[in-house]
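Comments concern the structure below.
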Amino acid sequence: MNTIPSPSGAPRPATLPTTVLGYPRIGPDREMKKALEAYWGGGDPAALSAALSSQRERTLQHLQGLGLRGDGAVPADGAAIDQVLDAAVLLGVVPARFRAAGLRPVDPDSHDGLALVSALARGTEELAPLELTKWFDTNYHYYVPELEPGARFAPQGEAVARRYRAFADASADLPRLTLLGPVSFLLLAKVTTGALEGGAAHGRTDPRSRLDLLPDLCQAYATLLQQLRAAGASWVQLEEPALASDGWDVPREPIIAGTAAAYRQLAAVSDRPNLFVPVSYGAAGAEVLEALGGSGVEAVGIDLERGEVPTAAELAPLRGITLAAGVVGGRNIWRTDATHAVRQLDELRERHRGPITVSTATSLQHVPHDVARERALDPEIACWLAFADQKITEVLSLASHLHGGSPELESWCREDADRRARRAQHPRVHVAAVRDRLAAVHAGDRRRGPSAVRREAQQAALQLPPLPTTTIGSFPQTAQIRRLRAAHRRGELGQEGYVDGIREQIAQCVAHQEQLGLDVLVHGEAERNDMVQYFAELLEGFVTTTHGWVQSYGSRCLRPPVLFGDVHRPQAMTVEWTRFAASLTSRPVKGMLTGPVTILAWSFVRDDQPLSETSDQIALALRDEVDDLQRSGTQIIQVDEPALRELLPLREADRPEYLRWSVDSFRLATGSAGAETQIHTHLCYSEFETVIEAIDALDADVTTVEASRSGFEVVSALARHGFSRGIGPGVWDIHSPRVPSVDELTERLRLAVSVLGAATVWSNPDCGLKTRGWPETTASLENLVRATAAVRAEIAAPAVPV
Ligand SMILES: CN1c2c(nc(N)[nH]c2=O)NC[C@@H]1CNc1ccc(C(=O)N[C@@H](CCC(=O)N[C@@H](CCC(=O)N[C@@H](CCC(=O)O)C(=O)O)C(=O)O)C(=O)O)cc1
Ligand SMILES: N[C@@H](CCS)C(=O)O
Ligand SMILES: [Zn+2]
């Protein structure tokens, strides 16, 4: 073991072995998802603890088995649910509303800690949970820590040491604990002035002040580092993804200065492990390299999937420091371009004065475990893909080239080049008819008539009351629905039985909405395993997986489809279900489609052509569906684009071009809708202030948007922008089982009406209800209908005459 402290307090030698930044935590068969949900369903905390320990142990041993060897090589992620939430609890950042309810900072791995982590993630009857928001340019969502004025950090030093010893006991070499770094922790958190009664924290202070917390925060990290060293750790990873992106509400200069000071402070800690600071999810840039290089940390990681190889001058500040070259991507599932990666490593070898190690660009938490399990995949397509285990093999092959040359390297590069050539010529990758159709698209295909004319035509056709009530599309995906789908998939239930079963679900859902008195109904999406996978299974150009689960947030997982070829629609995808629902009611039923950008964002997308082209191919397929829905009598069609904000490039300079093509694609998908067809869109999972102009440019007639988790901030932002289209700011957060009261909903609707005007506001939840159970769904919707009636009465007879 590596125990002799150097003068600075770090152990020597300090070369980081070949590694990856992280590995999926959910388990190859979603073991952690099942354990978490069993606990949340009333199960024993001891069972969750045991599942967590065995998952950690299995992962550690699996990674060693794949060949990650040497002290510090294997990343050890202790988070039960999420790395940001885990860091918050380890640092003792627990909002006052939880502390007041007796939920104080505690060892996150203890039974009390698991209860605390669960309460922060899910909320309780009385307490709103932490906000969820997307993690950089991925479909992963983290829990947003809340920094309250006067709050103190309470580092859980003994807990982190216990966690480390448990990892080390299960492993031949010393593992490397992974933690979110202090600068990213502060930037990803929100600074609040206090908490709404029963609601999420709201009201921001000057965001710049958050950097003032860095010295105290680093003191808390110092405690964790010392405890880790005392527990035997030779390396610790402090990941700093926030340093690779722009767009923070804090200027760049103090971020860089803060980074330099923070890492100088941490490097000066006596008796600490070696520090590895990967800057992931984008290029680090010269200033960041300089700040870290001069600080005294032992290793820095760079993302070479997105970033260019830095110049010798940019690398000069890292002289003598281990550089972990992230040449293998962590966000996609295509095999690494071997020739390109070898070239990048050779360039680094020429330019960097210090040890180089091979790594991934980001954690592998965003990709599934193992493509070898995908027996149902076309083997020709499967061989183009690398999931987490295959990526580790790629990292190791590249490392053997770096450390003295690998005899197999040449044949590896040749085979890779052959595979790439075969892929380029594959008949499902390039389909002439799709390309010809796209080439013939003209500007008029992306334009509908004037919105005022459409508004009148739609109101005449639909005759909706003020503040029309609706939902976002999905209703509870019950165990019964999932069983139905699983039985059909396994061949135990024939097509006819399946269709009957789903129709029964749709009928119940429609009847329920009628009883509740909603104005615009939906069919409930019972037939959809997921809003993207469902379409991917029906569109040509995609393959879907059997075991390719990836954590999305909390215990929720997805199997992102692989978009490998030109996209087209062999047949209608939603018309029959929508028509069936409509036949059961006299109220309007919204058709429900997922938009092109969201299908792109939540799939693993081909890397051989611009995203804009792929997006337009999907848009044309959806345009056909819009046409068919319209022809079958559907008067309202919702095209969900929750991921519009998600694909927004991290670098500001790249944003206008993205917004141009993403808006254009949506307009291509919806451009064939007649004036009397009302097009809705829905956005969630992000803060939208930066893209309000783009939302307007989508030219949808009605937009429903997540609003309640962020204290309705989006409502004032929309008003400031002069947004005059139909708008449904979600009046309660569906991510928690908490039922909103009539008063709370009334207050939010009143606020929306006062800020945006009664003529345009819709009344709806934040997002789809698929993750909820029926009891809280019914109770919440009953309250929504009551609150809407109350506000309608106020509009009809204003207390103060106007
Ligand atoms: C809106 N969101 C979405 C994102 N990305 C998407 N692609 N889709 C989204 O909806 N990104 C941002 C957010 C993230 N939100 C969510 C919300 C909900 C889930 C979720 O509920 N996931 C489910 C899995 C969904 C699914 O694929 N279900 C399948 C398979 C179900 C299953 O596990 N079946 C069992 C057998 C069941 C039985 O026999 O009873 C099995 O196969 O073993 C289906 O329903 O058919 C989840 O369970 O986590 C994710 C992200
Ligand atoms: N129509 C989808 C949108 C989720 S973002 C749903 O209701 O689940
Ligand atoms: Zn949504």
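Every listed requirement among (1) small (Gly, Ala, Ser); (2) free of Cβ contacts under 8 Å to residues at least 40 places away in the same chain; (3) under 25 Å from Glu239 (Cα atoms) is met by Ala382 save one, (3). Filtered by the rule that a residue be within 15 Å of ligand 1 (Cβ to nearest atom) and charged (D, E, K, R), region 631-665 gives Asp640, Glu641, Arg645, Glu646. On inspection, Asp530 fails the criterion of being more than 16 Å from ligand 1 (Cβ to nearest atom), in a loop (DSSP other than H, G, I, E, B) and at pLDDT 95 or above. Yes or no: Val715 at pLDDT 95 or above, in contact with a strand residue (DSSP E or B) (Cβ under 7 Å, 6 or more places away or on another chain) and aliphatic (A, V, I, L, M)? No; evaluated as a whole, the condition is false for this residue.
Do the conditions hold for Arg56, that is, is it touching a Lys or Arg at 6+ places or on another chain (Cβ under 9 Å) and charged (D, E, K, R)? Taking the combined requirement at face value, the residue satisfies it.
For beta carbons closer than 7 Å, sequence separation of 6+ or different chains, a first residue in region 673-687 that is in a loop (DSSP other than H, G, I, E, B) and a second that is more than 11 Å from ligand 3 (Cβ to nearest atom) and of a type in the set (Lys, Arg), the qualifying pairs are Ala673/Arg448; Ala675/Arg454; Tyr685/Lys134; Ser686/Lys134; Ser686/Arg645.
In region 612-625, the residues that are in the same structural domain as Asp566 (by TED's automatic domain parsing) form Cβ pairs under 7 Å with partners that are among the aromatic types (Phe, Trp, Tyr), at six or more places apart or across chains, as follows: Ser612/Trp661; Ser615/Trp661. Looking across region 576-608 at every residue that is surrounded by 19 or more Cβ atoms within 10 Å (Cβ to Cβ) and over 30 Å from Glu374 (Cβ atoms), the one that is nearest to ligand 2 (Cβ to nearest atom) is identified as Lys590.
Kindly evaluate Arg373 against the criterion of being over 30 Å from the mean Cα position of the chain (by Cα) and surrounded by 13 or more Cβ atoms within 10 Å (Cβ to Cβ). For Arg373, the condition - over 30 Å from the mean Cα position of the chain (by Cα) and surrounded by 13 or more Cβ atoms within 10 Å (Cβ to Cβ) - is not met. Scanning region 725-753 for residues that are outside any helix (DSSP H, G or I) and over 19 Å from Thr778 (Cα atoms) yields Arg725, Gly726, Ile727, Gly728, Pro729. Selection of region 404-431 for residues being surrounded by 13 or more Cβ atoms within 10 Å (Cβ to Cβ) and within 20 Å of Thr360 (Cα to Cα) yields Ser406, Leu409, Trp412, Cys413, Asp416. Got at least one residue in region 540-547 being in contact (Cβ under 8 Å) with a residue 40 or more places away in the chain, touching a strand residue (DSSP E or B) at 6+ places or on another chain (Cβ under 7 Å) and assigned to a loop (DSSP other than H, G, I, E, B)? Checked against the condition, which is being in contact (Cβ under 8 Å) with a residue 40 or more places away in the chain, touching a strand residue (DSSP E or B) at 6+ places or on another chain (Cβ under 7 Å) and assigned to a loop (DSSP other than H, G, I, E, B), region 540-547 yields no hits at all. Selection within region 740-775: residues that are closer than 22 Å to Glu525 by Cβ and surrounded by fewer than 20 Cβ atoms within 10 Å (Cβ to Cβ). The member of this set that is farthest from the chain's Cα centre (by Cα) is Pro775. Confirm whether Ala779 is hydrophobic (A, V, I, L, M, F, W, C), assigned by TED's automatic domain parsing to the domain that holds Thr681, out of contact with any Ser or Thr (no Cβ under 9 Å at 6 or more places or on another chain) and part of a helix (DSSP H, G or I). It is true that Ala779 is hydrophobic (A, V, I, L, M, F, W, C), assigned by TED's automatic domain parsing to the domain that holds Thr681, out of contact with any Ser or Thr (no Cβ under 9 Å at 6 or more places or on another chain) and part of a helix (DSSP H, G or I).
The values are calculated or read from the model by the stated rules, or taken from the named source; none is laboratory data. It should be emphasised that the depicted structure is a prediction, and the values quoted were computed from it without experimental measurement. Heads up, the Cβs are rebuilt from the backbone with ideal geometry, glycines too, and the neighbour counts pull from every protein chain shown.
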